[in-house]
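Comments concern the structure below.
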Amino acid sequence: MEKYKDIGLKLTPQRLAILDYLDGNKEHPSAEDIYKAVSKRFPTMSFATVYNTLETLRQKGGVLELTIDPAKKRFDPNTEPHHHLICVGCKKILDIHGSYRLPLPDEKREGFELIGNHIEFYGLCPKCKKGR
Ligand code: ZN
Ligand code: MN
């Protein structure tokens, strides 16, 4: 929660509930997931409130938008560099910490100075593998 203090969002109770839901959340929820969870406490809250809060957070670097799932954007409150393990069956996304040395040859760098990478490992989780 600390990290959201400097983001400059006016903290209404609804927004606090959204931030509270995101804080430490490792599920990589979609806006719909967040809306579903938070509207239990705030039934009058609109989906637009969730969407706009996420968009502001994203712009200010408080949350990462993952484009891993083409069906819906997923959000990651963990903004530290890390990688992802993705189940193509149930769309579960797990974090992988640790750095991978992936050498990018000079001729493929297009003159870029590299500052990081993000690796997405795809597969079937044990549950989905069993269900096949
Ligand atoms: Zn799965
Ligand atoms: Mn993550």
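The values are calculated or read from the model by the stated rules, or taken from the named source; none is laboratory data. These numbers were taken from a predicted model, which means no experiment stands behind them. For neighbour counting, all protein chains shown are included, and Cβ atoms are generated from backbone atoms with ideal geometry for every residue, glycine included. Heads up: the accessible areas ignore ligands, DNA and RNA and are worked out on the full protein's heavy atoms, side chains in. Shrake-Rupley method; radii C 1.70, N 1.55, O 1.52, S 1.80 Å.
Starting from the amide H of residue 69, placed 1.01 Å from N in the peptide plane, find each other amide H under 5 Å away whose residue is 5 or more places distant or on another chain. Placed amide hydrogens put 74 under 5 Å from residue 69. Each Lys and Arg contributes +1 and each Asp and Glu -1, all at the Cβ; summed about the Cα centre of the stretch 83-131, the dipole is approximately 580 debye.
With the largest listed first and rounded to whole Å, the semi-axes of the equivalent ellipsoid of the chain from the Cα gyration tensor are 30, 22, 12.
Counting Lys and Arg as +1 and Asp and Glu as -1, what is the net charge of the other residues whose Cβ lies under 11 Å from the Cβ of residue 32?
+3
The convex hull drawn around the Cα atoms of the stretch 2-76, when projected onto a plane and averaged over every direction, covers 4.7 nm². Note on the chain: with charges restricted to the Cβ of Lys and Arg (+1) and Asp and Glu (-1), its dipole about the Cα centre is near 720 debye.
If a spin label sat at a point 7 angstrom from the Cα of residue 129 along the line to its beta carbon, the backbone N atoms of the stretch 87-116 nearer than 16 Å would be those of 87-94. For the stretch 86-95, backbone phi angles converted through the Karplus equation (6.51, -1.76, 1.60; θ = phi - 60°) give residue-by-residue couplings of 10, 8, 6, x, 9, 6, 5, 10, 10, 7 Hz, Gly and Pro being listed as x.
At 1.4 Å probe radius, can you tell me the per residue accessible area of the chain in Å²?
Numbers: 9110 Å² over 132 residues.
Per-residue value: 69 Å².
Using a probe radius of 1.4 angstrom, the carbon and sulfur fraction of the accessible surface of the chain is 54%. Database remark: amide H of residue 89 closer than 5 angstrom to the amide H of 125 (H placed geometrically; neighbours at sequence offset of 5 or more, or on other chains; Pro and chain starts carry no H). Annotation: lysines with alpha-carbon distance below 28 angstrom to residue 127 (same-chain offsets under eight excluded): 26, 36, 72, 73, 91, 92. Accessible-area rank, largest first, for 69, 33, 20, 106: 106, 20, 33, 69, with all protein chains present and a 1.4 angstrom probe.
Computed extension length for residue 40-residue 99: 17.4 nm, one decimal, from 0.36 nm per residue of separation with the Cα-Cα distance subtracted. Angle of helix 47-59 to the longest C-alpha principal axis of the chain, folded into 0 to 90 degrees and rounded to 10: 50°.
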